[in-house]
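Below is one structure, written out as structure tokens; comments come after it.
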């Protein structure tokens, strides 16, 4: 498989994951991840380790928002893929926001011929308070 095909394959997986989120399909969301997923999210906890903890983050997400086409939209998706490792970046519109409010970084691995998300990082920009320079 050439680099263009690999990038297209990873992009397709990410879009399937995005559609599962929009549908509120927790099983579909989890299907694209490794058992040892590491996730850094905007709300607590600081990190989620493993598929069970990852599931809890989505249960919390859907407790505060209803599924729908605008609940989780990835814009400016960029994928870089090798033969068995890939990463992707994008901007997220969440909960119907008209413009992106979060950043997304994904790390993927190819296991037994199948691409899976093994690292997921969501972050939100915030203004830093003016501080005195450190001496």
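The values are calculated or read from the model by the stated rules, or taken from the named source; none is laboratory data. Computed from a predicted structure; not experimentally measured. Heads up, the Cβs are rebuilt from the backbone with ideal geometry, glycines too, and the neighbour counts pull from every protein chain shown.
Kindly list, by first and then second residue, each pair from a residue in the stretch 23-38 that is modelled with pLDDT under 95 to a residue that is assigned to a strand (DSSP E or B) and crowded, with 18+ Cβ neighbours inside 10 Å, limited to pairs with Cβ atoms under 6 Å and residues at least 6 apart or on different chains.
Listed by first residue and then by second, the contacts come to 32/117.
Hey, can you tell me all the residues within the stretch 10-47 that are out of contact with any strand residue (DSSP E or B) (no Cβ under 8 Å at 6 or more places or on another chain) and assigned to a strand (DSSP E or B)?
Answer for the stretch 10-47, where residues must be out of contact with any strand residue (DSSP E or B) (no Cβ under 8 Å at 6 or more places or on another chain) and assigned to a strand (DSSP E or B): just 35.
Only one of these is at pLDDT below 95 and either within 14 Å of the chain's Cα centre (by Cα) or assigned to a strand (DSSP E or B) (or both): 118, 89, 105, 57. Name it.
Going through 118, 89, 105, 57 in turn, the sole match is 57.
What are the residues in the stretch 55-84 that are surrounded by 14 or more Cβ atoms within 10 Å (Cβ to Cβ), within 22 Å of residue 115 (Cβ to Cβ) and either touching a helix residue (DSSP H, G or I) at 6+ places or on another chain (Cβ under 7 Å) or without any contact (Cβ under 8 Å) to a residue 40 or more places away in the chain (or both), if any?
55, 57, 58, 72, 74, 77, 79, 81
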